[in-house]
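Coordinate-derived values only; no laboratory data. From a predicted model like this one, the values you see are computed outputs, not experimental measurements. With ideal geometry, Cβ positions are generated from the backbone for all residues, glycine too; neighbour counts draw on all protein chains shown.
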Amino acid sequence: MDKNFAARRRRDLVIAAMLAALAALAPLFVKNVYIQNIMVLTLMYAALSQSWNILSGYCGQISLGHALYFGIGAYTTELLFTKFGVLPWFGMLAGGAIAAVIAMGLGYPFFRLRGHYFVIATIVIAEIGLLLFQNWEWAGAAMGITIPVRGDSWLKFQFMRSKLPYFYFALALCCLAWFVTWWLEDSKWGFWWRAVKDNPEAAESLGVVVFNSKMGAAAVSAFLVAIGGAFYAQFLAYIDPESVMGFQFSLLMALPAVLGGIGTLWGPVLGAAILIPMTELTRSYIGGSGRGVDLIVYGGLIVAISLALPQGLVSLFSRSKAKGATR
Amino acid sequence: MGLLYGLIAVGLALIFGLMDVTNFAHGEFLMIGMYASFFLFTFFAIDPLLSAPLVAAALFVFGALVYLLIVRFAMRAKANAGMVQIFSTFGLAIVMRGLAQLFFTPDYRSIPHSWLGGKTISVAGIFLPEPQLVGALVSILAFAGLYFFIHRTDFGRALEATREDPGAVALVGIDKNRVFAFGWGLGAALVGLAGAIMAVFFYIYPDVGASFALIAYVTVALGGFGSVFGAFAGGIIVGLVEAMTALMLPPSLKSVGIYAVYLLVVFIRPRGLFGSM
């Protein structure tokens, strides 16, 4: 059993390395800017969903307010850049750190709540953040911030001519989030989290400090999501509160992990790889009329997948794998 | 206004609160109710006040169908039941918004010249808008009716028993699906009623539900899951807090007070004010 587990982990790592290498080569063949754009978004959502999955999937604390950390990452980076001229790279780290600290500060009261009360609290706190930013004149209020163009450079993490640098950064972020998850899965934290998720009372009695485990998961998760937020802001060169902190965004972030397989290593990547291109393609091919057909298709698919595969798309693979094992 | 939130929340209190099924399409149920009322008015010139029972009946059928076609299967999921419920109803909400855009167009609509619209009544020197007053009255009646229904009838007992232990109720001959389908129908009918009344004084558009749904969730949770009275109290508190915040902060921040009060309440009482779950 133990040997199988170690072998599976090694295989996961090899597969991930191969997929990352393939993805890195993809721009050589795909020159279409529209497709490249979709690839960047797919990688970004995979990274976000993977980060969300750490707290909500592995540790079982369902958060539908992660847009808060995403928004904090985006706003910290851009406020530091536009108001104080701090390079986005530092702003990104600052945003991540602030988000992690806020996540832990909120964790104190929040992690005493259970079930629906916890979920609604996460929604509500993100909504408060949204309203505050919408009314914060210095930060651009509801109009948001337009990031000034200072020319293409890695130093300023700004590229107008080509999307490729963004693509490689998104790929790196996705790999980082995946690798952190992979690494944590087999660490003592990973085992604590699963214990906390399955039965907090039993975990506590066996010496797992439930509260600290949740705090750790929240901090890692918030940090990574905030980095994603900083990236998104640089990528779009424009942010406003509704688009980076809205409730819809919290759901969009959770969706790939849920449809792919919540609390699994591959679920978020798989979910994002299918969901995001599909969303973008339906939006541009049948959504142009503004008549809502794209929404009907998109929503219908979410209903269908979540009902047909409650354990996510990864269960398709594990089922065939389980068959192979018994043979 | 508080009683109006209560009216929107009462249907959710039944579905989310009592049956413990997450419904992320609640706001869209409200939206459908408003449109139904709007079209009955424009095409058949039936005043929203008269058509309200019709709208409620239509929503009853719709809610029961949603349960039978979607939610029933979501509840059957062995793993991640909570997430499956959240995202299957969220998907449904997106489909409903899409359908509304397709058939009703994204235009803002309103009902002009209804019996109640724009009229005010003077009570002891204070002018109160009539539609809101009727809404408040209906809200109190709806809560009283639901309270009676849950606590005094066999159906109410069957409903609570089914939530507690679906296996055991099957042994005493209660069909879980029939009980829950009826519960969903009733919950949808109540929000349909809310929609019919709100159609009189609110703009109607495909996304209208989203803004009210969140406050409805907060209202139910504030009062505590599993308590009809809690949801009623929650509605009144939410309304009062909103009015008070509006006095102190700019209007765009008025919801902040509601959210802050929710957090404060659950930090002190993690099961809401009157919650049993």
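Given +1 at the Cβ of Lys and Arg, -1 at the Cβ of Asp and Glu and no other charges, the dipole of the protein assembly as shown around its Cα centre is 1520 debye to the nearest 20.
Using Cβ point charges alone (K and R +1, D and E -1), the dipole size of the range A:166-216 about the Cα centre works out to roughly 120 debye.
Given only helices, namely DSSP H runs of n ≥ 4 each adding -39500 (n - 2.57), what is the per-residue ellipticity at 222 nm of chain B, to the nearest 500 deg cm²/dmol?
-23000 deg cm²/dmol
For A:Gln158, the residues 5 or more places off, or on other chains, whose built amide H falls under 5 Å of its own are A:Ser153. For chain A, a Gaussian network of Cα nodes joined below 10 Å ranks A:Ala20, A:Ala97, A:Ala67 by mean-square fluctuation, and the top entry is A:Ala20. Considering amide H positions built from the backbone, and no H for Pro or chain starts, which residues 5 or more places from A:Gly263, or on another chain, come under 5 Å of its amide H? Result for A:Gly263 returns A:Gly57, A:Tyr58.
Going by Cα centres, the range A:14-66 and the range B:131-187 are how many Å apart? Cα centroid to Cα centroid, the span is 44 Å. Note on B:Leu141 and A:Val86: their simple-model spin labels are 5.9 nm apart, each label 7 Å out from Cα toward Cβ. For chain B, the dipole from Cβ point charges (+1 on Lys and Arg, -1 on Asp and Glu) about the Cα centre works out to 360 debye, to the nearest 20.
With a threshold of 31 Å on the Cα-Cα distance, the over-threshold entries among A:Lys31/A:Lys83; A:Lys197/B:Lys176; A:Lys3/A:Lys197; A:Lys83/A:Lys197 are A:Lys31/A:Lys83; A:Lys83/A:Lys197.
In order along the range A:250-260, the phi-based Karplus estimate (6.51 cos²θ - 1.76 cosθ + 1.60, θ = phi - 60°) of 3J(HN,Hα) comes to 4, 5, 4, 5, 7, 4, x, 5, 5, 6, x Hz; Gly and Pro are listed as x.
Phi-derived couplings, Karplus 6.51 cos²θ - 1.76 cosθ + 1.60 at θ = phi - 60°, listed residue by residue for the range A:238-245: 7, 9, 9, x, 4, 7, 9, 10 Hz, with x used for Gly and Pro.
Taking other C-beta atoms within 10 Å as the exposure proxy, B:Asp175, A:Asp294, B:Asp20 rank B:Asp175, B:Asp20, A:Asp294 from fewest upward. With the cut-off at 1.5 for a/c, could you classify the range B:160-277 from its C-alpha gyration tensor as rounded, prolate or oblate? Oblate shape, in that a/c is at least 1.5 and b/c is the bigger or equal ratio. Computed per residue of chain A from DSSP H runs no shorter than four, each worth -39500 (n - 2.57), the mean residue ellipticity at 222 nm is -25000 deg cm²/dmol. The mean number of Cβ atoms from other chains found within 10 Å of a Cβ in peptide B:204-214 is 1, as a whole number. Peptide B:13-26 is shielded by partner chain Cβ atoms: per residue, an average of 1 of them sit within 10 Å of its Cβ. Would you work out if the range B:62-107 is rounded, prolate or oblate? Take a ≥ b ≥ c from the square roots of the eigenvalues of the alpha-carbon gyration tensor; rounded if a/c is under 1.5, else prolate when a/b is larger than b/c, oblate otherwise. Since a/c reaches 1.5 but b/c is at least a/b, the shape of the range B:62-107 is classed as oblate. To the nearest ten degrees, helix B:48-66 and the longest principal axis of the Cα atoms of chain B are 30 degrees apart. Relative to the longest principal axis of the Cα atoms of chain B, the long axis of helix B:228-248 lies at roughly 40 degrees. Averaged over the residues of peptide B:101-108, the number of Cβ atoms from other protein chains lying within 10 Å of each residue's Cβ is 3. In terms of surrounding Cβ atoms within a 10 Å radius of their Cβ, B:Met96, B:Met244, A:Met245 rank from fewest to most as B:Met244, B:Met96, A:Met245. Note on the protein assembly as shown: dipole from Cβ charges, positive end direction compared against B:Ser51, A:Thr77, B:Val220; the farthest Cα belongs to A:Thr77.
By count of other Cβ within 10 Å, fewest leading, how are B:His26, A:His66, B:His151, A:His116 ordered?
Details: B:His26 27, A:His66 30, B:His151 12, A:His116 21.
In increasing order of surrounding Cβ atoms, one gets B:His151, A:His116, B:His26, A:His66.
For chain B, the longest principal axis of the alpha carbon atoms and the long axis of helix B:154-164 meet at an angle near 60°. Candidates A:Trp138, A:Leu251, B:Ala210 compared by Cα position along the dipole of the protein assembly as shown: farthest toward the positive end lies A:Leu251, with charges placed on Cβ.
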